[in-house]
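Asker: One structure follows; several queries about it will come next.
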Amino acid sequence: MMADLASLQATVHGRVQGVFFRGSVQRQAEILRLSGYVRNLPDGTVEVKAEGEKEQLDKLLDYLKVGTRPARVDKVVHEWAEYTGVFSGFRVIY
């Protein structure tokens, strides 16, 4: 049976820049075998675009709501989309 593939776009609000948040998201996405990217946005939020199995994306979304110890996540705004397959690997965009 084919896995249920999807795309997740999330914006993480809180103290999430300068606290190794992007690196931890990248590590988690790689563990979950997801592709996409994570990057800081000028307004202090972090944008995550990830694709892969829906079940694994749900786990990443749960992770985004908690983050790493020095980070403080206030809210995560997310939306689902169709899987595109455009990403290879998961990277931090600087």
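The values are calculated or read from the model by the stated rules, or taken from the named source; none is laboratory data. It should be emphasised that the depicted structure is a prediction, and the values quoted were computed from it without experimental measurement. All Cβ positions, even for glycine, are placed from backbone atoms using ideal geometry, and neighbour counts span all protein chains on display.
Asker: Output the residues belonging to region 45-94 that are within 15 Å of residue 35 (Cβ to Cβ), hydrophobic (A, V, I, L, M, F, W, C) and in contact with a helix residue (DSSP H, G or I) (Cβ under 8 Å, 6 or more places away or on another chain).
Answerer: 48, 50, 60, 90, 92 - these are the residues of region 45-94 that are within 15 Å of residue 35 (Cβ to Cβ), hydrophobic (A, V, I, L, M, F, W, C) and in contact with a helix residue (DSSP H, G or I) (Cβ under 8 Å, 6 or more places away or on another chain).
Asker: Looking at 57, 34, 41, which one is within 13 Å of residue 88 (Cα to Cα) and at pLDDT 95 or above?
Answerer: Numbers: 57 fails: within 13 Å of residue 88 (Cα to Cα); 41 fails: within 13 Å of residue 88 (Cα to Cα).
The unique qualifying residue is 34.
Asker: Taking region 26-61 as the region of interest, how many residues are under 16 Å from residue 74 (Cα atoms) and among the β-branched types (Val, Ile, Thr)?
Answerer: Summing the residues that are under 16 Å from residue 74 (Cα atoms) and among the β-branched types (Val, Ile, Thr) in region 26-61 gives 3.
Asker: If you don't mind, there's one more thing I want to ask. Does region 69-78 contain any residue that is free of Cβ contacts under 8 Å to residues at least 12 places away in the same chain, over 14 Å from residue 25 (Cβ atoms) and outside any loop (DSSP other than H, G, I, E, B)?
Answerer: Checking region 69-78: not a single residue is free of Cβ contacts under 8 Å to residues at least 12 places away in the same chain, over 14 Å from residue 25 (Cβ atoms) and outside any loop (DSSP other than H, G, I, E, B).
Asker: For region 11-25, which positions are closer than 15 Å to residue 76 by Cβ, hydrophobic (A, V, I, L, M, F, W, C) and out of contact with any Leu (no Cβ under 8 Å at 6 or more places or on another chain)?
Answerer: 16, 21 - these are the residues of region 11-25 that are closer than 15 Å to residue 76 by Cβ, hydrophobic (A, V, I, L, M, F, W, C) and out of contact with any Leu (no Cβ under 8 Å at 6 or more places or on another chain).
Asker: Also, I was wondering about something else. Determine, yes or no, whether residue 33 is surrounded by fewer than 19 Cβ atoms within 10 Å (Cβ to Cβ), of a type in the set (Lys, Arg) and farther than 13 Å from residue 11 by Cα.
Answerer: On the way: surrounded by fewer than 19 Cβ atoms within 10 Å (Cβ to Cβ): yes; of a type in the set (Lys, Arg): yes; farther than 13 Å from residue 11 by Cα: yes.
So residue 33 fits the description; yes.
Asker: Let me ask another. Please find, among 48, 66, the residue that is part of a strand (DSSP E or B) and aliphatic (A, V, I, L, M). I'd like the intermediate steps shown before the answer.
Answerer: Numbers: 66 fails: part of a strand (DSSP E or B).
From the options 48, 66, the qualifying one is 48.
Residues are listed down the side, and each one gets a yes or a no for (1) of a type outside the set (Val, Ile, Thr); (2) surrounded by 11 or more Cβ atoms within 10 Å (Cβ to Cβ):
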{"site": "44", "(1), (2)": "yes, yes"}
{"site": "53", "(1), (2)": "yes, yes"}
{"site": "61", "(1), (2)": "yes, yes"}
{"site": "67", "(1), (2)": "yes, yes"}
{"site": "70", "(1), (2)": "yes, yes"}
{"site": "73", "(1), (2)": "no, yes"}
{"site": "82", "(1), (2)": "yes, no"}
{"site": "86", "(1), (2)": "no, no"}
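Asker: Count, please, the residues in region 1-24 that happen to be part of a helix (DSSP H, G or I), touching a residue at least 60 places away in the same chain (Cβ under 8 Å) and of a type outside the set (D, E, K, R). Give the derivation first.
Answerer: Step one: list which residues in region 1-24 are part of a helix (DSSP H, G or I), which gives 21-24.
Next, from what is left, pick out any that are touching a residue at least 60 places away in the same chain (Cβ under 8 Å): 22-23.
Filter once more, so that each one left must be of a type outside the set (D, E, K, R): 23.
The qualifying residues number 1.
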